[in-house]
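Here is the structure we will look at, set down as structure tokens.
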Amino acid sequence: MHLMKKIQKVLIGLVTAVTVFAAGGAAAVQAASSSATASSAATASSKTKTAQQTQGLHLDVKSAIAIDEKTGQILYQQNADRSVPVASLSKLLTLYIVIQAIQDGKLSWNQMVKPSNNVCAVSQDTSLSNVPLEQGKQYSVKALYQATLIYSANGAAMALAQAVAGSQKKFVNMMRQEAKKLGINDAQIYTCNGLTNKLMKSDAYPGVSPNAENKFSAKDMALISMKLLQEYPEIVKTSSVKEMNFNTGNQQVQMKNWNWMLPGGQCSYTLLPVDGLKTGTSDAAGACFVGTTNKDGHRIITVVLGASHKNDSDPARFVQTQKLMSYIYHTYNYVTLKKGQKTAALPVYHGKQVNVKVANASAEGLWLKKGTKANNVAVKVNVKKSLLNKKGNALAAPLSNHETVGTMKFTVDGQNLETVNGTKCAVNAQTTAAIKKANIFEIAWRWVTNLF
């Protein structure tokens, strides 16, 4: 009896020691994993910065970016976070809000708008891009939209802002709110059309300098353009129109698209079927352009800000855009990862199986540098905290089949797979099998076998 008690005490001590050791080991593994991740992230950040500084293209612009329209994957960036004047590119955010109002039923394409006297006065300024709006006349939302997008008509943009919000100030406040919703926090917005504040006449935004001008980063403009194309892809049917007439009520005004890269335009390029999107020009902004092309079924968006603008015939913004687009197609291949193609094994706590295989829940397209294959893509799974055990080092059983357990991020050596949203290229990760919870006997037996 005395011997049995001694054996029992030894066993209890041994179990306690093993338990403490296991807990400490798990914590150590977790800490080491966190440390390695942090170190890897720091190294990746350093490599990314170096890669961006030494990438094989430098554009003669203030800033630029190229992204995939569907995923937002960044394919090139040059000073992309720098906030600068963008002139009429501001109208893209205006049109995004207008289209949202139409889709929400607050506005309709056939709705008639009677511009205010001040809007008409701005529209009559021949030193600006405009179609002259007549006092007392009414114009359809669709006609004003077309004039804004094709001809960059400043008065037409103001009329749309008036139709949506009732006043220019209220609409600018809406633009600021919408920008924040999109994750844009560094923009300076004073006018709906990108004009210098004083050129808005009596509709100038109150309390700011007459010389205040809208500022966005190239990344901001890419994000706005991506959302616009994703939510209203039909926009390219209008942005690709080379010429159209506008009926002022007294005359037909010919509107020629300022985008010279459209097919047949003086800066068009057969291998780049450009169909949008918007130009912008001012003394402070220089020549700016958001371009987009759908080549081989994959659409990209490019933004160049602050290109040369020596005179109205200077094609610099389009020359730089062609260089950027050509660089993308010469540098990358578009690779599709099929649903379930990428997998990873995750530990399971108190499950009938100790690991579960997870896979990408949907197909994902990635632009990979030429020479890189789909099997070169590695994955890292970020698990939902709510599905972890108390120690946070394993998924807690039970788990159902096809259960979303977190996100699967894609990584490739020598390439930063980052999106314009500031996140890594990723999709949902889901289990490929159900894992039932182990019963008490299985748990006890696993514990005993772990002792030896």
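The values are calculated or read from the model by the stated rules, or taken from the named source; none is laboratory data. Please read these numbers as outputs of a predicted model, since none were measured by experiment. So basically every Cβ, Gly included, is an ideal-geometry build from the backbone, and we count neighbours across all protein chains shown.
Looking at 130, 118, just one residue is crowded, with 16+ Cβ neighbours inside 10 Å and either in a loop (DSSP other than H, G, I, E, B) or not assigned by TED's automatic domain parsing to the domain that holds residue 276 (or both), and that residue is 130.
May I ask you to list the residues in the stretch 95-130 that are among the β-branched types (Val, Ile, Thr) and more than 16 Å from residue 199 (Cβ to Cβ)? Listed by number, the residues that qualify are 97, 98, 99, 102, 113. Based on this model, can you work out whether residue 81 counts as in a loop (DSSP other than H, G, I, E, B) and surrounded by 15 or more Cβ atoms within 10 Å (Cβ to Cβ)? Spelling it out, it is not the case that residue 81 is in a loop (DSSP other than H, G, I, E, B) and surrounded by 15 or more Cβ atoms within 10 Å (Cβ to Cβ). Residues in the stretch 371-383 that are outside any strand (DSSP E or B) and either under 23 Å from the mean Cα position of the chain (by Cα) or closer than 15 Å to residue 359 by Cα (or both): 374, 375, 377.
In a residue-by-residue description of the stretch 179-195, the property of being over 26 Å from residue 63 (Cα atoms) and either crowded, with 18+ Cβ neighbours inside 10 Å or among the aromatic types (Phe, Trp, Tyr) (or both) applies to no position. Examine the stretch 167-179 for a residue that is assigned to a loop (DSSP other than H, G, I, E, B) and touching a residue at least 60 places away in the same chain (Cβ under 8 Å), and state whether such a residue exists. No - not one qualifying residue is present in the stretch 167-179.
Taking the criterion of being out of contact with any Lys or Arg (no Cβ under 9 Å at 6 or more places or on another chain), in a strand (DSSP E or B) and over 19 Å from residue 320 (Cβ atoms), the only residue of the stretch 51-78 that qualifies is 73. Condition check for residue 202 on (1) crowded, with 18+ Cβ neighbours inside 10 Å; (2) farther than 13 Å from residue 96 by Cα; (3) among the polar types (S, T, N, Q): one failure, at (1).
Residue count for the stretch 252-280 satisfying the condition of being of a type in the set (Ser, Thr, Tyr), part of a strand (DSSP E or B) and surrounded by fewer than 22 Cβ atoms within 10 Å (Cβ to Cβ): 1. Residues in the stretch 384-408 that are in a strand (DSSP E or B) and hydroxyl-bearing (Ser, Thr, Tyr) were compared, and the one that is farthest from residue 431 (Cα to Cα) is 407. Whenever a residue of the stretch 312-325 is over 11 Å from residue 57 (Cα atoms), its partners that are crowded, with 17+ Cβ neighbours inside 10 Å and of a type in the set (Phe, Trp, Tyr), lying with C-beta atoms within less than 6 angstrom and at least six residues away or across chains, give the pairs 317/289; 318/260; 321/289. Annotation note: Cβ proximity below 7 Å between a residue of the stretch 333-360 that is within 19 Å of residue 388 (Cβ to Cβ) and a residue that is part of a strand (DSSP E or B) and charged (D, E, K, R) (sequence gap 6+ or interchain) occurs for 345/357; 350/437; 351/437.
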